[in-house]
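Below is one structure, written out as structure tokens; comments come after it.
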Amino acid sequence: MAQVEATTERVVAANAEKVFDALADYSGTRERLLPEHFSEYEVREGGDGEGTVVHWKLQATSKRVRDCLLEVSEPTDGELVEKDRNSSMVTTWRVTPAGEDRCRVVVTSTWKGAGGIGGFFERTFAPKGLGRIYDAILAKLATEVEK
């Protein structure tokens with residue numbers, strides 16, 4: 001099994017703290033940022049950053065649906081880590097200042113991919129598909145915080 005990684009980033013015209021707070025707001029803002037690929041969103045514990053447990057289903061393709069139950073931690077300032085209890089997937093959101101009232105948001109997901117020919121296709125196509133989903137989330141995030 002090989003590690004698979006998908007990374008997307010965007011510069012947002014808003015203060016880094018405001019952007020981080022929006023991402024960490026699982027009981028409010030976060031659900032509004034999710035595109036149609038997500039369903040059954042539910043905050044099960046917490047709701048604001050560290051200690052949150054959130055559930056959703058992610059339909060990455062017409063045939064592939066992941067049932068995600070994520071534990072959220074904040075290991076460093078400006079960083080949210082979502083570890084899926086149902087798989088090896090770990091998603092890290094990093095928000096860093098990028099000038100006056102601007103910040104860079106980088107989202108990276110890693111997981112242990114399948115072996116064989118299926119793993120080849122997963123490593124080839126899954127990062128691109130997930131990248132498109134993250135682009136949509138980051139676009140909605142920018143719209144939300146640049147108001």
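The values are calculated or read from the model by the stated rules, or taken from the named source; none is laboratory data. Values in this document were obtained by computation on a predicted structure and should not be read as measured data. Heavy atoms of the whole protein, side chains included, go into the accessibility calculation; ligands, DNA and RNA do not. Shrake-Rupley method; radii C 1.70, N 1.55, O 1.52, S 1.80 Å.
Let me know the number of lysine pairs in the chain closer than 21 Å at the Cα, not counting same-chain pairs under 8 apart.
12
Length gain on complete extension for the stretch residue 114 to residue 65, per 0.36 nm per residue less the alpha carbon to alpha carbon distance?
Gain on extension, residue 114 to residue 65, equals 16.1 nm.
Which of the following values of Cα extents along the principal axes in Å was calculated from the structure shown: (i) 42, 32, 26; (ii) 42, 37, 28; (iii) 47, 31, 28?
Checking each listed value against the structure points to (iii).
Per residue, how large is the accessible surface of the range 1-108? Use a 1.4 angstrom probe and give square angstrom.
Per residue, the range 1-108 has an accessible area of 54 Å².
Give me the distance between the Cα centres of the range 71-113 and the range 1-63, rounded to whole Å.
9
Share of the range 1-145's accessible area from carbon and sulfur, percent, 1.4 Å?
48
Please work out how much length the chain gains when fully extended from residue 55 to residue 11, using 0.36 nm per residue of separation minus the C-alpha to C-alpha distance, in nm with one decimal.
Length difference between fully extended and current span is 13.1 nm.
Going by alpha carbons, how many degrees (0 to 90, nearest 10) lie between the helix axis of 116-145 and the longest principal axis of the chain?
Roughly 20 degrees, rounded to the nearest 10.
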